[in-house]
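**Student:** Before we start, here is the structure in question, set down as structure tokens.
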Amino acid sequence: MHTVLGANGPIGEELTRELYRCFTRDIRLVSRNPVKIHDTDQLVKADLTDPEATARAVEGSEVAYLTVGLPMDSELWERQFPAMMRNVIDACAKYGTKLVFFDNTYMYPGTTTPQTESTGFEPNGRKGRVRAQIATMLLDAMNAGSVDALICRAPEFYGPGKTKSLTNSLVFDRIKAGKRPFVPVSAKTVRSLIWTPDASRAMALLGNTPDAYGQTWHLPVDPHRLTYAELVEVAGQVTGRRLRYTVLPLALFKIGGRFVKPLGEVQELLPRYRGDNIFDSSKFTTRFPDFPVTSYREGISQILG
């Protein structure tokens, strides 16, 4: 039994499809309101902040994949993520279940230094501190030998379907709607974006690779990184339209954040948009050289096609 905790987000859904395609049809989907993707999927309703519900959701699982996402709300993150991680670690330790954790980069410093699996945690705000806290909780449990686990870490998303990110909402969603795209902070800095189906496929592969456990892995990104100006140029080529964009300066987010909560919630992430963002996934591509990584042109074509 492979169990997906947080099953109905974009990562969890594609992960479920990949597990079914390549590894197992014995799949349990867990969320507050889970929905079947395949006829054989087992559904379990659970609130992962409840330790007993979490234990019931994990029981009998060979591998559990923690893919839960929460809205961009610092108070909600502080209240729920540490409780979820504690409960999932305890449940996996109790039942001898392997744990695969889908993580992000919020705890990394927002500098131009390339990010690798050994990059230290230097969070720049409340959400980054929460991500550092829960990643450290799991690393401590791994080092203590109480749980057999691995961490999959991904940079900002872009992708099809339910994918949510600043880049999707400001750039590609607006282009698809026939609107002028907005670029956060700078159009000239290089971005590291991960195609969400690639992230899920890579997570499934790692979870079914015995020697991947006990480690942190950066999930694979297109190494030919582009600036926002170049991403918009590719979008223009794909759509056959001449696209112009508007850069949203840092000051706009700061002023708007006083009145619009979502703008305030993204402020701690904005320093990484001022300079190049280099997410190094060479460890993964060296270990899995045949894994197909979606190029930015291929991804943008799927979004806008």
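The values are calculated or read from the model by the stated rules, or taken from the named source; none is laboratory data. Predicted, not measured: the structure shown is a model, and the values here were computed from it. Glycine also receives a Cβ, built like all others from the backbone with ideal geometry; neighbour counts cover every protein chain displayed.
**Student:** Scan the stretch 40-52 for residues that are of a type in the set (Asp, Glu) and either surrounded by 15 or more Cβ atoms within 10 Å (Cβ to Cβ) or at pLDDT below 95 (or both) and jot them down.
**Tutor:** Asp41, Asp47
**Student:** Identify all residues within the stretch 65-91 that are at pLDDT 95 or above and either in contact with a Lys or Arg (Cβ under 7 Å, 6 or more places away or on another chain) or among the hydroxyl-bearing types (Ser, Thr, Tyr) (or both); write none if there are none.
**Tutor:** Answer for the stretch 65-91, where residues must be at pLDDT 95 or above and either in contact with a Lys or Arg (Cβ under 7 Å, 6 or more places away or on another chain) or among the hydroxyl-bearing types (Ser, Thr, Tyr) (or both): Tyr65, Thr67, Trp77, Glu78.
**Student:** So, one more: Given Ile37, Ile11, which one is part of a helix (DSSP H, G or I), out of contact with any Cys (no Cβ under 9 Å at 6 or more places or on another chain) and within 21 Å of Gly159 (Cβ to Cβ)?
**Tutor:** Ile11
**Student:** Quick check on the stretch 111-134. Is at least one of its residues at pLDDT 95 or above, under 22 Å from Val30 (Cβ atoms), among the acidic types (Asp, Glu) and in a loop (DSSP other than H, G, I, E, B)?
**Tutor:** No - not one qualifying residue is present in the stretch 111-134.
**Student:** Starting from residues that are acidic (Asp, Glu) and assigned to a helix (DSSP H, G or I), keep the ones in the stretch 64-108 and report whichever is surrounded by the most Cβ atoms within 10 Å (Cβ to Cβ).
**Tutor:** Of everything passing the filter in the stretch 64-108, Asp90 is surrounded by the most Cβ atoms within 10 Å (Cβ to Cβ).
**Student:** Considering the stretch 53-63 alone, what residues qualify as being in contact with a helix residue (DSSP H, G or I) (Cβ under 6 Å, 6 or more places away or on another chain) and either surrounded by fewer than 15 Cβ atoms within 10 Å (Cβ to Cβ) or of a type outside the set (Val, Ile, Thr) (or both)?
**Tutor:** Across the stretch 53-63, the qualifying residues are Ala55, Glu59.
Yes or no, residue by residue, for (1) free of Cβ contacts under 8 Å to residues at least 40 places away in the same chain; (2) acidic (Asp, Glu); (3) not assigned by TED's automatic domain parsing to the domain that holds Ala93:
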{"residue": "Arg28", "(1), (2), (3)": "yes, no, no"}
{"residue": "Leu43", "(1), (2), (3)": "yes, no, no"}
{"residue": "Glu62", "(1), (2), (3)": "no, yes, no"}
{"residue": "Tyr65", "(1), (2), (3)": "no, no, no"}
{"residue": "Val68", "(1), (2), (3)": "no, no, no"}
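**Student:** Going by the structure shown, is Leu226 out of contact with any Leu (no Cβ under 9 Å at 6 or more places or on another chain) and either in contact (Cβ under 8 Å) with a residue 40 or more places away in the chain or under 19 Å from Asn277 (Cβ atoms) (or both)?
**Tutor:** The answer is no for Leu226.
**Student:** While we're looking at this one, here's another question. Could we say that Thr16 is more than 29 Å from Arg129 (Cβ to Cβ), under 19 Å from the mean Cα position of the chain (by Cα) and among the polar types (S, T, N, Q) here?
**Tutor:** So Thr16 fits the description; yes.
**Student:** From (1) of a type outside the set (Ser, Thr, Tyr); (2) free of Cβ contacts under 8 Å to residues at least 40 places away in the same chain; (3) closer than 18 Å to Arg180 by Cβ; (4) not in a helix (DSSP H, G or I), pick out the condition that doesn't hold for Pro289.
**Tutor:** Here Pro289 meets the rest and fails (3).
**Student:** Within the stretch 23-32, is there a residue that is under 22 Å from Arg79 (Cα atoms), part of a loop (DSSP other than H, G, I, E, B) and at pLDDT below 95?
**Tutor:** Yes; the residues of the stretch 23-32 include at least one that is under 22 Å from Arg79 (Cα atoms), part of a loop (DSSP other than H, G, I, E, B) and at pLDDT below 95.
**Student:** To continue, here is another question. Condition check: aromatic (Phe, Trp, Tyr), modelled with pLDDT under 95, buried (at least 18 other Cβ atoms within 10 Å of the Cβ) and over 22 Å from Arg131 (Cα atoms). Does Phe253 satisfy that?
**Tutor:** yes
**Student:** Is it fair to say Gly9 is of a type in the set (Gly, Ala, Ser), within 30 Å of Val266 (Cα to Cα) and in contact (Cβ under 8 Å) with a residue 12 or more places away in the chain?
**Tutor:** It is true that Gly9 is of a type in the set (Gly, Ala, Ser), within 30 Å of Val266 (Cα to Cα) and in contact (Cβ under 8 Å) with a residue 12 or more places away in the chain.
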